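The values are calculated or read from the model by the stated rules, or taken from the named source; none is laboratory data. Only a predicted model underlies this, so the values are computations on that prediction, with no experimental measurement involved. Every residue, glycine among them, receives a Cβ derived from its backbone with ideal geometry; neighbour counts consider all protein chains shown. For the accessible areas, the whole protein counts, side chains as well, though only heavy atoms, and no ligand, DNA or RNA atoms are used. Shrake-Rupley method; radii C 1.70, N 1.55, O 1.52, S 1.80 Å.
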Amino acid sequence: MQKMQEIDTKQLQGNPFRMIGKDWMLVTAGDEEKANTMTASWGGVGVMWGKDVAFVFIRQTRYTKEFIDRQGRFSLSFPGEEYRKAMNLLGTVSGRDRDKIAESGMHVAYEDGVPYMEEADTVMICKALSATVLTMDQMLDQGIESKWYADGNIHTMYVAEIEKVMQKVEN
């Protein structure tokens, strides 16, 4: 049996380029009545406005975005490779249409009222500080629009304070 233990952000283990871009993360938001999660591979961590922050990019059409906008808090969960199939499902099926979390075999847990995925090895509990809708006039590389936004489904960039980091530990 494993449980989550809070750690300081400076104790965080792992390469964020690998954790986010290659291994993927789950962005989860909502409340104890209803929560949704989505797989993401765009984002990062750093320092902004004197705070440890995470930044994530969520397309306008994503159901999870509605929960983030309503609640203002969300989690970033980092499950192991053994959950790759579940993460594929969570990234391709909409929670508007199906109970994709149940279908994935994963489970929602809560920390300070914020949902996260119980199977994660590492979790960041985040509070949104800003939301910026990307626009094509902001793009300095003209190839970005044709490659990533030809359908017009643009991202909102959320910068969020990392309120808490938790990692799994053996009992």
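Take every pair of alpha-carbon atoms less than 8 Å apart whose residues are at least six positions apart; their mean separation over the length of the range 26-171 yields a relative contact order of 30 percent.
For TRP42, the residues whose amide H sits under 5 Å from its own are PHE57, ignoring neighbours fewer than 5 places away on the same chain, with H placed 1.01 Å from N. Looking at the chain, identify the longest residue range that excludes and avoids all trypsin sites (Lys or Arg not before Pro) in DSSP loops having at most 16 other Cβ atoms within 10 Å. Here the longest segment lacking exposed loop sites spans 99-171.
A cut-off of 5 Å between modelled amide H atoms, ignoring neighbours fewer than 5 places along the same chain, links GLU163 with ILE125, CYS126, LYS127.
For the range 123-171, the Stokes-Einstein estimate of translational diffusion at 4 °C and a viscosity of 1.567 mPa s comes to 96 µm²/s, using the Kirkwood hydrodynamic radius over alpha-carbon pairs. Set the Förster distance to 35 Å, then compute FRET efficiency between GLU145 and THR9 from the Cβ-Cβ distance, nearest 0.05. It comes to 0.50.
Note on THR135 and GLU32: the extension gain reaches 33.7 nm, defined as 0.36 nm multiplied by sequence separation minus the Cα-Cα distance. Against the compact-protein benchmark of 2.2 N^0.38 Å, the Cα-based radius of gyration of the range 41-138 scales to 1.13. With helices as the sole contributors, the chain gives -4500 deg cm²/dmol at 222 nm; each DSSP H run of n ≥ 4 counts as -39500 (n - 2.57), and the sum is divided by every residue.
Out of every Cα-Cα pair that the range 95-156 contains, those further apart than 19 angstrom amount to 59 percent. Working note: Karplus 6.51/-1.76/1.60 with θ = phi - 60° gives the range 125-142 the couplings 8, 10, 10, 4, 9, 8, 9, 10, 6, 5, 10, 5, 5, 7, 7, 7, 9, 5 Hz, where Gly and Pro are set to x. In a simple Cβ point-charge model (Lys, Arg +1; Asp, Glu -1; nothing else charged), the range 13-163 has a dipole of about 360 debye relative to its Cα centre. The coefficient of translational diffusion for the chain, derived via Stokes-Einstein from the alpha carbon Kirkwood radius under 37 °C and 0.692 mPa s, stands at 200 µm²/s. Give the distance, in whole Å, between the Cα centre of the range 102-121 and the Cα centre of the range 19-73. The range 102-121 and the range 19-73 have Cα centres spaced 14 Å from each other. Per residue, the solvent-accessible area of the range 1-104 (1.4 Å probe, heavy atoms of protein chains only, all protein chains present) comes to 56 Å². Within the accessible area of the range 54-133, the carbon and sulfur atoms contribute 46%, probe 1.4 Å, all protein chains present.
When the chain is treated as a GNM with alpha-carbon contacts under 10 Å, the residue of PHE74, PHE55, PHE17 showing the greatest mean-square fluctuation is PHE17.
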